[in-house]
Amino acid sequence: MIRQRCEVAVLALLLVVSGCGHAISGTATWPGARLEKVVLTAADFPQGVQYDRITRSPGHPDRAGGPAAMLSRPEGCSDGLTRAIADSAEVGAGSAAEYIVGYDGARIVVTVATWPLDLTRLAATADRCAHFQTFFDTSAPGIPMTTTRLQTPPPGALAYQQTMRLDNVDSSVYFAFENVGRMAVFAIAFPTPNPTIAVKAALPQTFLDIVAKQSDRAQLA
């Protein structure tokens with residue numbers, strides 16, 4: 001139950017990242033068209049993989065309906081990576097596009113944005129939160145977590161494995177961040193068994209392959 005709540009808290013913040021930041025007024029014209037040109041579609045994945053675009057309602061309030069971030073020690077580590085994105089994000093029509101892909105073994109959320117990520121802050125946050133504890137209540141024992149850098153071929157790209165140890169069992173999620181020209185790609189993957197999907201994922205490799213494919217496509221913008 002605790003592990004599920006942790007996943008929900010992280011996913012909820014990630015899914016509203018494009019709803020936190022500096023507003024851009026207007027309609028989706030050139031930026032939106034640029035996104036549609038490069039965002040991967042269902043046709044880019046093996047047959048049987050679940051693919052869903054995330055559509056937001058206009059004027060959706062920042063972080064509406066999402067749970068509060070978990071407490072942590074050091075402070076701010078439970079949502080540090082996603083918060084580093086949200087604090088500098090641009091919002092508005094055509095600012096970002098998001099989709100979810102589902103495999104047997106992974107649920108992956110990918111965002112393509114028309115603004116750059118602060119990779120320096122992301123790397124500094126990961127370093128600061130290399131080892132931390134998170135908890136729902138200050139009276140409860142802390143849950144140990146680690147943030148470990150993964151090797152990625154593109155220079156300047158960042159990828160991390162964040163691991164929770166609960167009841168002597170490790171459970172990980174994976175993050176990736178990259179600036180691609182005038183755009184950015186960031187993503188998160190949750191290990192999620194789903195035997196109803198015929199296509200299996202191997203983490204973190206499947207995740208890193210998808211991010212690399214999306215980044216390559218973004219070069220066309």
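The values are calculated or read from the model by the stated rules, or taken from the named source; none is laboratory data. Every value quoted in this text rests on a predicted model; they were computed, and no experiment measured them. Don't worry about glycine lacking a Cβ; one is built from the backbone with ideal geometry, like all the others, and counts go over all protein chains shown.
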Got at least one residue in region 198-216 being over 14 Å from T111 (Cα atoms), in a strand (DSSP E or B) and of a type in the set (A, V, I, L, M)? no
Can you pull out every residue in region 83-116 that is of a type in the set (A, V, I, L, M), within 24 Å of R149 (Cβ to Cβ) and either surrounded by fewer than 21 Cβ atoms within 10 Å (Cβ to Cβ) or touching a Cys at 6+ places or on another chain (Cβ under 7 Å) (or both)? A86, A89, V109
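Of all the residues that make up region 120-147, how many are closer than 20 Å to Y174 by Cβ and of a type in the set (G, A, S)? It would help to see each step written out before you state the result.
Of region 120-147, the ones closer than 20 Å to Y174 by Cβ are 121-132, 134, 143-147.
After this cut, where a residue has to be of a type in the set (G, A, S) as well, the list is 123-124, 126, 130.
Matching residues across region 120-147 total 4.
The rows are residues; the columns are (1) buried (at least 18 other Cβ atoms within 10 Å of the Cβ); (2) within 15 Å of G80 (Cβ to Cβ).
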residue	(1), (2)
A159	yes, no
Q162	yes, yes
R165	no, no
V173	yes, yes
R182	no, no
A187	yes, no
P193	no, no
Answer yes if at least one residue in region 11-27 is part of a helix (DSSP H, G or I), modelled with pLDDT of 70 or more and either surrounded by fewer than 20 Cβ atoms within 10 Å (Cβ to Cβ) or in contact with a Leu (Cβ under 6 Å, 6 or more places away or on another chain) (or both), and no otherwise. no
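Would you check which residues across region 138-163 are in a loop (DSSP other than H, G, I, E, B) and either farther than 16 Å from P74 by Cα or among the small types (G, A, S) (or both) and list them? Don't jump to the end; show me each part of the working.
Within region 138-163, the first condition is being in a loop (DSSP other than H, G, I, E, B), and the residues that meet it are 138-142, 150-157.
Selection gives S139, A140, G142, L150, Q151, T152, P153, P154, P155, G156, A157.
Within region 187-212, work out how many residues are of a type in the set (D, E, K, R) and out of contact with any Asp or Glu (no Cβ under 7 Å at 6 or more places or on another chain).
In the first step, residues of region 187-212 are kept if they are of a type in the set (D, E, K, R); the result is 200, 209.
Going one step further and asking which of them are out of contact with any Asp or Glu (no Cβ under 7 Å at 6 or more places or on another chain), we end up with 209.
Within region 187-212, residues that are of a type in the set (D, E, K, R) and out of contact with any Asp or Glu (no Cβ under 7 Å at 6 or more places or on another chain) number 1.
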So which of G76, G66 is modelled with pLDDT under 90 and surrounded by 15 or more Cβ atoms within 10 Å (Cβ to Cβ)? G66
Residue tally, condition among the hydrophobic types (A, V, I, L, M, F, W, C) and surrounded by fewer than 20 Cβ atoms within 10 Å (Cβ to Cβ), over region 117-129: 3
